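K.L.:
Submitted below is the structure of interest, expressed as structure tokens.
Bear in mind that the values in this text are calculations on the coordinates, not laboratory data. None of the values given here were measured: they were computed from a predicted structure. All Cβ positions, glycine included, derive from the backbone under ideal geometry; neighbour counts span all protein chains shown.
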Amino acid sequence: MPPQRPRQFDLIAFDWDGTLFDSTKIIVRCIQRAVVDVGGSKPSDKAAAYVIGMGLMQALAHAAPDVPKEKYPELGARYRHHYTSHQNDLSLFDGVLPLLDELKARHHWLAVATGKSRRGLDEVLRTVQLKGVFDGSRTADETEGKPHPLMLQELMREFGTEPRRTLMVGDTTHDLQMALNAGCPAVGVSYGAHEPGEFEPLKPLFVAHTVAGLRGWLLENA
């Protein structure tokens, strides 16, 4: 007899940086250093954090409005240089792996919808602790950057799920707006890049302030 499908959501899609992966501070510093490297004005912490979740070049262009377009390739290269040098500083938030294991045991499909590149996401998903955890993923460089809904739309087509049966979990307004654009419900987390006060107009079902809080809500409501 096949396992019973979940009560409310078949597919749960997670943002990566700042939601599952504790990388926000590192990304902010890398954006700031890359902009300065190419002669731009250093963006504030808030401005650099705001663009997390967008596609890389979209994010860098937004964070560095005084950098001319012809320097965007160099800007992207400098960001990748700084990020690569800090890859070993990054880690999953405490409690994320047990949470994902519990959701898998309840027969949810799990996916990643991220502004990271396909290459960057594949590198982290190849680690031993994450092998086989996710059933699917989409990245900004192979679809569209957030808040465009294409990532979620493609994942829903892949798994044959409807928007009302698909939940997006993310730490930025870009994640929640993407969900809204795709017609999907969403849950926000306040421990990532954006201030939770910005979430209210986007009507998340819940805002979790810790991974434990996220776990509690998902196990009770998902």
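K.L.:
For the chain, what does the helix formula give at 222 nm: sum of -39500 (n - 2.57) over DSSP H segments with n ≥ 4, over the residue count, nearest 500 deg cm²/dmol? Working shown, then result.
P.N.:
On the way: 9 runs with 91 residues, N = 222.
For the chain, the value works out to -12000 deg cm²/dmol.
K.L.:
Would you mind getting the Kirkwood hydrodynamic radius of region 24-88 from its Cα pairs, rounded to one decimal in Å?
P.N.:
Details: mean 1/r = 0.0889 Å⁻¹.
With all distinct Cα pairs of region 24-88 included, I get 11.2 Å.
K.L.:
In nm, to one decimal, how far is the Glu220 label point from the Thr84 one, both placed 7 Å along Cα→Cβ?
P.N.:
Those two pseudo-labels are separated by 4.6 nm.
K.L.:
Let's test the formula: R0 of 30 Å, r as the Cβ-Cβ distance of Arg126 and Ser44. What FRET efficiency results, to the nearest 0.05?
P.N.:
0.30
K.L.:
So, one more: Calculate, for Glu162 and Lys203, the FRET efficiency according to 1/(1 + (r/R0)^6) with r their C-beta to C-beta distance and R0 22 Å; round to the nearest 0.05.
P.N.:
It comes to 0.75.
K.L.:
How charged is the neighbourhood of His62? Take every other residue with its Cβ under 14 Å from the Cβ of His62, and add Lys/Arg as +1 and Asp/Glu as -1.
P.N.:
Taking every other residue near His62 into account, the sum is +2.
K.L.:
Take the alpha-carbon centre of region 56-125, take the same for region 198-214, and report the distance between them in whole Å.
P.N.:
Centre-to-centre distance over Cα atoms comes out at 21 Å.
K.L.:
Between 0 and 90 degrees, rounded to the nearest ten: what's the tilt of helix 96-105 against the longest Cα principal axis of the chain?
P.N.:
Orientation of helix 96-105: about 30 degrees from the principal axis.
K.L.:
For the chain, what does the relative contact order come out to in percent, with C-alpha contacts under 8 Å and a separation of six or more?
P.N.:
Relative contact order comes out at 26 percent.
K.L.:
What is the helix-to-structure angle for 150-159, meaning the angle in degrees between its Cα long axis and the longest Cα principal axis of the chain, kept from 0 to 90 and rounded to the nearest 10?
P.N.:
30
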